[in-house]
Amino acid sequence: MKKFTQFIKKVECQFLKPLPGWESQIKMSPITRKMEMDKLKNKIAPRESAVLILFYPHQNEIFTVFIKRPKYPGVHGGQIAFPGGKFEVEDFDLTHTALREAQEEIGLEPKQVTILGSLTTLFIPPSNFNVLPVVGYTLTRPNFIPELEEVDEIIEVKVSDLINPENSRDREILHRNKTKVQVPAYCPNDLVIWGATAMIINELIDVIKT
């Protein structure tokens with residue numbers, strides 16, 4: 001628990017400083033992002049959304065949690081992401097959005113979560129969303145319950161595995177236009193986390209490693 005407490009204090013201090021921002025995010029930007037941006041010249045203004053990056057202690061390690069979305073025709077089907085979703089009119093703000101969506105998708109009780117801050121808002125071209133990554137923690141490992149219509153799998157990952165540079169590499173993916181492309185990705189435990197989520201992770205790592 002001491003290890004976790006020290007980690008949280010460090011992260012809390014880091015959020016008092018300027019964020020690495022776009023310069024950090026762009027290092028994990030896939031070539032497909034430019035392709036998608038070129039399609040958006042005449043699109044409507046982006047919608048707002050938020051995701052929750054949750055830290056918690058487990059087995060004397062520091063973990064965070066992802067979800068794998070079911071395969072469906074939409075732009076993010078089958079991908080690994082942080083729990084989250086779009087802003088709704090009943091939300092007080094985007095932090096509330098992140099907590100509400102995490103409760104819906106993985107059964108996380110919002111009252112358990114202490115918010116540390118948020119990372120830089122990132123625009124996601126395929127879905128035309130701005131996403132705010134909200135960072136928080138719980139003092140114990142939550143009892144995760146997947147929402148089966150929205151979550152195919154809950155994936156727990158050690159923060160140390162995310163930080164490990166050996167788990168950051170280019171991987172080949174099949175893009176929606178059925179072409180194979182090389183993208184930068186995080187690959188802890190043989191996962192392939194790419195796109196906007198990898199861009200968010202890169203800024204997160206730059207924050208917690210500083």
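The values are calculated or read from the model by the stated rules, or taken from the named source; none is laboratory data. Since we're looking at a predicted model, the values are computed, not measured. Ideal geometry is used to build each Cβ from the backbone, glycine not excepted, and the neighbour counts take in all protein chains shown. Accessible surface areas use protein heavy atoms only, side chains included; no ligands, DNA or RNA. Shrake-Rupley method; radii C 1.70, N 1.55, O 1.52, S 1.80 Å.
On the given criteria, is Leu116 more than 13 Å from Pro46 (Cα to Cα), out of contact with any Cys (no Cβ under 6 Å at 6 or more places or on another chain) and assigned to a strand (DSSP E or B)?
yes
Identify, from the list Val135, Val181, Val151, the residue that is among the β-branched types (Val, Ile, Thr), part of a loop (DSSP other than H, G, I, E, B) and closer than 29 Å to Gly21 by Cα.
Of the residues listed, the single one that is among the β-branched types (Val, Ile, Thr), part of a loop (DSSP other than H, G, I, E, B) and closer than 29 Å to Gly21 by Cα is Val151.
Among all residue pairs at least 6 apart or on different chains, which show Cβ distances below 9 Å where the first residue, located in segment 158-170, is touching a residue at least 24 places away in the same chain (Cβ under 8 Å) and the second is basic (Lys, Arg) and assigned to a helix (DSSP H, G or I)?
Filtered contacts from segment 158-170: Ile163/Lys209.
Determine whether Glu109 is touching a His at 6+ places or on another chain (Cβ under 8 Å) and at pLDDT 95 or above. Let's see the steps before the verdict.
On the way: touching a His at 6+ places or on another chain (Cβ under 8 Å): no; at pLDDT 95 or above: yes.
Here the answer is no, as Glu109 does not meet what is asked.
Given the criterion under 20 Å from Val11 (Cα atoms) and either touching a helix residue (DSSP H, G or I) at 6+ places or on another chain (Cβ under 7 Å) or among the basic types (Lys, Arg) (or both), identify the matching residue among Phe82, Phe87.
Working: Phe87 fails: under 20 Å from Val11 (Cα atoms).
Only one candidate qualifies: Phe82.
Rundown of residues vs (1) open to solvent by less than 20 Å² (accessible area, probe 1.4 Å); (2) over 21 Å from Pro125 (Cβ atoms), yes/no style:
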| residue | (1), (2) |
| --- | --- |
| Thr179 | no, no |
| Asp190 | no, yes |
| Ala198 | yes, no |
| Ile201 | yes, no |
| Ile205 | yes, yes |
| Thr210 | no, yes |
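Of these, Gln112, Gln103, which one is in contact with a Ser or Thr (Cβ under 6 Å, 6 or more places away or on another chain) and open to solvent by 70 Å² or more (accessible area, probe 1.4 Å)?
Working: Gln103 fails: in contact with a Ser or Thr (Cβ under 6 Å, 6 or more places away or on another chain).
Checking each option against the conditions leaves just Gln112.
Could you give every pair whose Cβ atoms fall below 9 Å, whose first residue belongs to segment 102-123 and is within 13 Å of Ile53 (Cβ to Cβ) and without any contact (Cβ under 8 Å) to a residue 24 or more places away in the chain, and whose second residue is of a type in the set (Ser, Thr, Tyr) and outside any helix (DSSP H, G or I), counting only separations of at least 6 or pairs across chains?
Ile115/Tyr137
Give segment 144-171 a look and list any residue that's closer than 19 Å to Lys68 by Cβ and open to solvent by 50 Å² or more (accessible area, probe 1.4 Å), or say none.
Listed by number, the residues that qualify are Ile145, Pro146, Glu147, Leu148, Glu149, Glu150, Asp152, Glu153, Glu156, Lys158, Arg171.
For segment 178-210, enumerate the residues that are over 13 Å from Ser29 (Cα atoms), over 18 Å from the mean Cα position of the chain (by Cα) and touching a residue at least 60 places away in the same chain (Cβ under 8 Å).
Within segment 178-210, just Thr210 meets the criteria.
I want to confirm something. Restricting to segment 70-97 and keeping residues that are at pLDDT below 90, on the phi < 0 side of the Ramachandran plot and not hydroxyl-bearing (Ser, Thr, Tyr), which single residue is surrounded by the most Cβ atoms within 10 Å (Cβ to Cβ)? Let's see the steps before the verdict.
Kept after step one, since they are at pLDDT below 90, are these residues of segment 70-97: 70-79.
Right, trim to on the phi < 0 side of the Ramachandran plot and you get 70-77, 79.
Applying the additional criterion that residues be not hydroxyl-bearing (Ser, Thr, Tyr) yields 70-71, 73-77, 79.
On the way: Pro70: 14, Lys71: 10, Pro73: 6, Gly74: 13, Val75: 15, His76: 16, Gly77: 12, Gln79: 19.
Once the filter is applied, the top-ranked residue is Gln79.
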